[in-house]
Amino acid sequence: MSNIANVTPEVLKWARTTAHISLEIAASKLSIDVNKLISWESGTSKPTINQAKKLSQIYKRPFAMLFLREIPLDFQPLQDFRKKGSKVLSTASVFIIREIQQKQAWVSELNQEDISQKRNFVGRFTLKDNPKDIANDILNELHIDPLNYKEDNPLLEWIKSAEKKGIFIARSSFLHTKMKFDPAEFQGFSIADPFAPFIFINSNDWKSSQLFTLVHELAHLWLSLSGISNLSEKDYNFSSFPTIELFCNEVAANVLMPESSFKQIFDINNIPSVSNFFNVSSYAVIVRAFKLNLITSLQYKKIKNKLNKEYSEFLKIEAAKKELQKKEGNIGGPNPFLLQINKNSRLFTHVVLDAYNGGIIEPTIASSLLNVRVNKFASLEKFLYK
């Protein structure tokens, strides 16, 4: 039958498993019996062309790839620097990592044609260096004063400064509305390539945590150690984390809370004000205070227990607010073009549109890289230059 898709069974199974999608979920999305999908993956029967196209969409793989004779080479998985016992990355997490790897690979190849695009700060230090020296180098390279921000939103100031130096900063809270990123799974990841250093921030996390994560990932670039992170500044079970994560957190703490200033401002009776001053969470403040011997282990535990209770209450209040907004139909949000710019990285969007407008890449490639239809590029650019 001409309607049959002669897909390669092994490739079909590979596409599903690398998407971290179970047989049952894949079959349900296609509205077929799970045994039928098993038969396709074993080669005892074949899907129709429409069914195969649907599977390629579900697995986020090119349709033509399913017909390859052998399993293709794929992007190498990023090193997992997450804490011990972290759950397996969800489909949403796998897809966003793969998507960023594709964008990063494209822009890296483009930039390698111009040696001036090489970023010498990538790999400038090693784990043998002092975290304070790395912190100072990051601040000097990006021209940021954490005690005197120029903008009301420090996170945006950091992103703008990083992208001026050729670091691509992408951030989003979801793959699509039904697939949100869980901060417990990952808070961020980095790809330490000197021609296209890329950082992704899970914006489903709190703003102060996002800032800490961004600087943590910058430390990964300065060490040239690509990987996925989920070390929250409120975690203190350090034995569960790889050494590299503790090191990068130490760099981030030195960047955002310089030791001399921190010692002058720290007040054990007014943690929130210290937190607000340095634009970090209260958890980050007490960890920093403990490591600088400004509070004892007993004081640390006591304050953390108090913060945990306050945090739980805060989450309940926020959940109630969202539920009320749903009932009243008042849920708005940023413009979809702005969301897409943030997800792609503003710098990456600039590079792709410049390449498209300069005739360097075809419209279909530009559209695929940006996940925006070509006839919407003009609307996208309006938000890009705001």
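The values are calculated or read from the model by the stated rules, or taken from the named source; none is laboratory data. These numbers were taken from a predicted model, which means no experiment stands behind them. Here Cβ is always computed from backbone atoms with ideal geometry, including for glycine, and neighbour counts include all displayed protein chains.
Scanning region 327-338 for residues that are in a helix (DSSP H, G or I) and at pLDDT 70 or above yields a count of 4. Across region 4-29, the number of residues qualifying as touching a helix residue (DSSP H, G or I) at 6+ places or on another chain (Cβ under 6 Å) and under 15 Å from PRO47 (Cβ atoms) comes to 12. For beta carbons closer than 7 Å, sequence separation of 6+ or different chains, a first residue in region 282-306 that is free of Cβ contacts under 8 Å to residues at least 40 places away in the same chain and assigned to a helix (DSSP H, G or I) and a second that is surrounded by 14 or more Cβ atoms within 10 Å (Cβ to Cβ) and among the polar types (S, T, N, Q), the qualifying pairs are SER282/SER275; VAL285/SER275. Looking only at residues of region 178-204 that are in contact with a Pro (Cβ under 8 Å, 6 or more places away or on another chain) and surrounded by 23 or more Cβ atoms within 10 Å (Cβ to Cβ), we find that the one that is farthest from GLU109 (Cα to Cα) is ASN202.
Do we have ARG373 as over 30 Å from LYS132 (Cβ atoms) and among the basic types (Lys, Arg) here?
On the way: over 30 Å from LYS132 (Cβ atoms): yes; among the basic types (Lys, Arg): yes.
Taking the combined requirement at face value, the residue satisfies it.
Quick grid of which residues meet (1) touching a Phe, Trp or Tyr at 6+ places or on another chain (Cβ under 7 Å); (2) more than 19 Å from LEU231 (Cα to Cα):
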{"position": "ILE265", "(1), (2)": "yes, yes"}
{"position": "ASN269", "(1), (2)": "no, yes"}
{"position": "VAL274", "(1), (2)": "yes, yes"}
{"position": "VAL280", "(1), (2)": "yes, no"}
{"position": "TYR283", "(1), (2)": "no, no"}
{"position": "PHE290", "(1), (2)": "yes, no"}
{"position": "ASN293", "(1), (2)": "no, yes"}
{"position": "LEU298", "(1), (2)": "no, yes"}
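The sole residue among LEU175, LEU147 that is part of a strand (DSSP E or B) and either in contact (Cβ under 8 Å) with a residue 24 or more places away in the chain or crowded, with 18+ Cβ neighbours inside 10 Å (or both) is LEU175. Looking at region 1-24, which of the residues that are over 27 Å from the mean Cα position of the chain (by Cα) and hydroxyl-bearing (Ser, Thr, Tyr) is farthest from VAL94 (Cα to Cα)? Residue satisfying both the conditions and the ranking: SER2.
For every residue, the table says whether it meets (1) outside any helix (DSSP H, G or I); (2) exposed (fewer than 14 other Cβ atoms within 10 Å of the Cβ); (3) not assigned by TED's automatic domain parsing to the domain that holds PHE195.
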site	(1), (2), (3)
GLN340	no, no, yes
HIS350	no, no, yes
VAL372	yes, no, yes
ASN375	no, yes, yes
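The single condition among (1) more than 22 Å from LYS132 (Cα to Cα); (2) in contact with a Ser or Thr (Cβ under 6 Å, 6 or more places away or on another chain); (3) touching a residue at least 60 places away in the same chain (Cβ under 8 Å) that SER275 does not satisfy is (1). Exactly one residue out of SER297, SER281 is modelled with pLDDT under 95 and crowded, with 17+ Cβ neighbours inside 10 Å, and it is SER281. The set of residues in region 157-172 being assigned to a helix (DSSP H, G or I), small (Gly, Ala, Ser) and buried (at least 24 other Cβ atoms within 10 Å of the Cβ) consists of ALA162 alone. The strands (runs of 3 or more DSSP E) found entirely in region 186-278 include none that carry 3 or more residues being within 21 Å of the chain's Cα centre (by Cα), of a type in the set (Phe, Trp, Tyr) and modelled with pLDDT of 95 or more.
Condition check ((1) assigned by TED's automatic domain parsing to the domain that holds THR18; (2) within 30 Å of ILE201 (Cα to Cα)) across all residues:
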position: GLY43; (1), (2): yes, no
position: THR48; (1), (2): yes, no
position: ILE58; (1), (2): yes, yes
position: PRO72; (1), (2): no, yes
position: ALA105; (1), (2): no, yes
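For region 40-59, the set of residues classified as buried (at least 16 other Cβ atoms within 10 Å of the Cβ) and of a type outside the set (A, V, I, L, M) consists of TRP40, GLU41, LYS46, PRO47, GLN51, LYS54, SER56, TYR59, listed by residue number.
Within region 205-221, the set of residues being among the aromatic types (Phe, Trp, Tyr) and surrounded by fewer than 22 Cβ atoms within 10 Å (Cβ to Cβ) comprises TRP206 only. Looking across region 127-163, just one residue is among the β-branched types (Val, Ile, Thr) and either over 26 Å from ASN342 (Cα atoms) or not assigned by TED's automatic domain parsing to the domain that holds PRO242 (or both), and that is ILE134.
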